[in-house]
Amino acid sequence: MPLDGVEQSVLRHVPRELTVTVTSSPSRGIEPTLSLAEALARHGYRVVPHLAARLVADRDELRQVMARIEALGSGEVFVVAGDVSEPRGAFDGAAALLREMAEIGRAPEQVGVTGYPESHAFITDEATIQAMSEKVPFATYIVSQICFDAVVIAAWVRRVRDRGVELPIYVGLPGPTDAVRLLRLSGRIGLGESARFLRRHGSWLSRLTFPRAYRPEQLLERLVGNLALPEHGVQGLHLFTFNEIAQEEQWRQRQLARRRESEPASRGPGHPRPGIHL
């Protein structure tokens, strides 16, 4: 998230070979996202900025924004609707902005869009399905919104495939973070059943507040066996850091170490272990 101190935190803890996304702030607007993305790109990172449709005023501003995104060199953008109640200008959602990008010829090679495994707190299921069908022709991959239920995620992936959508999917996974903060952010970004579950289960939430009580690897382990199947087309994970960058990267490294230790001795570098890439 484009907040004070995050650039220095990324530099200290994140390897240059990782792709870093910069989210869009509904309260601060587009400029902080672009400025942070530009700063990280100058440091050698491959950066993917989030572009919130409802924060873009008009076609002229979109041209200016896309010129800056193109200058990052990643050839990629992640388009979202934006968590504001009223659009700033002409675009009420991601699909409208994607169409405009295509019409003016400024769409990059890679365009990510959001998928919703569970009911959204602010959007009907019918609307999310319709939005997906409108976005897919302009997108090259999908990242799922946070969901804490592996069964729900797997069912959503199957439904996406049943509708004939073949885009690669990256599963959104929250990294280890303070449980109270996770609850607050879940409500802010519109998580449906997951956010309601967190609110209802106070004792469960209390247990999460103890050190290391929230274990993302438990959700990950429940996901891998199902979603690693080739027909599901799940390419990897999108790790939501909530700017807890040091502990998120330490967690990622621990998971990679565990996977290396569990590799069969006979499996060489040309025969990678099936699974979801971290």
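The values are calculated or read from the model by the stated rules, or taken from the named source; none is laboratory data. As the structure is a prediction and not an experimental result, all values here were calculated from the model. FYI the Cβ positions are ideal-geometry reconstructions off the backbone, even for glycines, and counts take in every protein chain you see.
State which residue is surrounded by the fewest Cβ atoms within 10 Å (Cβ to Cβ) when the search covers only region 143-152 and only residues that are closer than 14 Å to Phe78 by Cα and out of contact with any helix residue (DSSP H, G or I) (no Cβ under 7 Å at 6 or more places or on another chain).
Top of the filtered list is Val143.
Residue-by-condition table, conditions (1) acidic (Asp, Glu); (2) farther than 16 Å from Pro137 by Cα; (3) in contact (Cβ under 8 Å) with a residue 40 or more places away in the chain:
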site: His43; (1), (2), (3): no, yes, no
site: Asp60; (1), (2), (3): yes, yes, no
site: Val79; (1), (2), (3): no, no, yes
site: Arg99; (1), (2), (3): no, no, no
site: Arg106; (1), (2), (3): no, no, yes
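Taking region 158-175 as the region of interest, how many residues are touching a strand residue (DSSP E or B) at 6+ places or on another chain (Cβ under 6 Å) and either assigned to a loop (DSSP other than H, G, I, E, B) or of a type in the set (Val, Ile, Thr) (or both)?
Counting residues in region 158-175 that are touching a strand residue (DSSP E or B) at 6+ places or on another chain (Cβ under 6 Å) and either assigned to a loop (DSSP other than H, G, I, E, B) or of a type in the set (Val, Ile, Thr) (or both) gives 5.
Being modelled with pLDDT of 95 or more and among the charged types (D, E, K, R) is the filter here; which residues of region 26-53 pass it?
Matches in region 26-53: Glu31, Glu38, Arg42, Arg46.
For region 5-29, which positions are under 13 Å from Phe78 (Cα atoms) and surrounded by 15 or more Cβ atoms within 10 Å (Cβ to Cβ)?
Matches in region 5-29: Val20, Thr21, Val22, Thr23, Ser24.
Give region 42-79 a look and list any residue that's surrounded by fewer than 18 Cβ atoms within 10 Å (Cβ to Cβ) and farther than 16 Å from Glu103 by Cα, or say none.
Hits for region 42-79 are Arg42, His43, Gly44, Arg46, Ala57, Arg68, Glu70, Ala71, Gly73, Gly75.
Would you confirm whether or not region 83-90 contains a residue that is modelled with pLDDT of 95 or more and more than 16 Å from the chain's Cα centre (by Cα)?
The answer is no, given that none of the residues of region 83-90 is modelled with pLDDT of 95 or more and more than 16 Å from the chain's Cα centre (by Cα).
What do you reckon, is Glu38 in contact with a helix residue (DSSP H, G or I) (Cβ under 8 Å, 6 or more places away or on another chain), surrounded by fewer than 21 Cβ atoms within 10 Å (Cβ to Cβ) and not polar (S, T, N, Q)?
Answer is yes for this residue.
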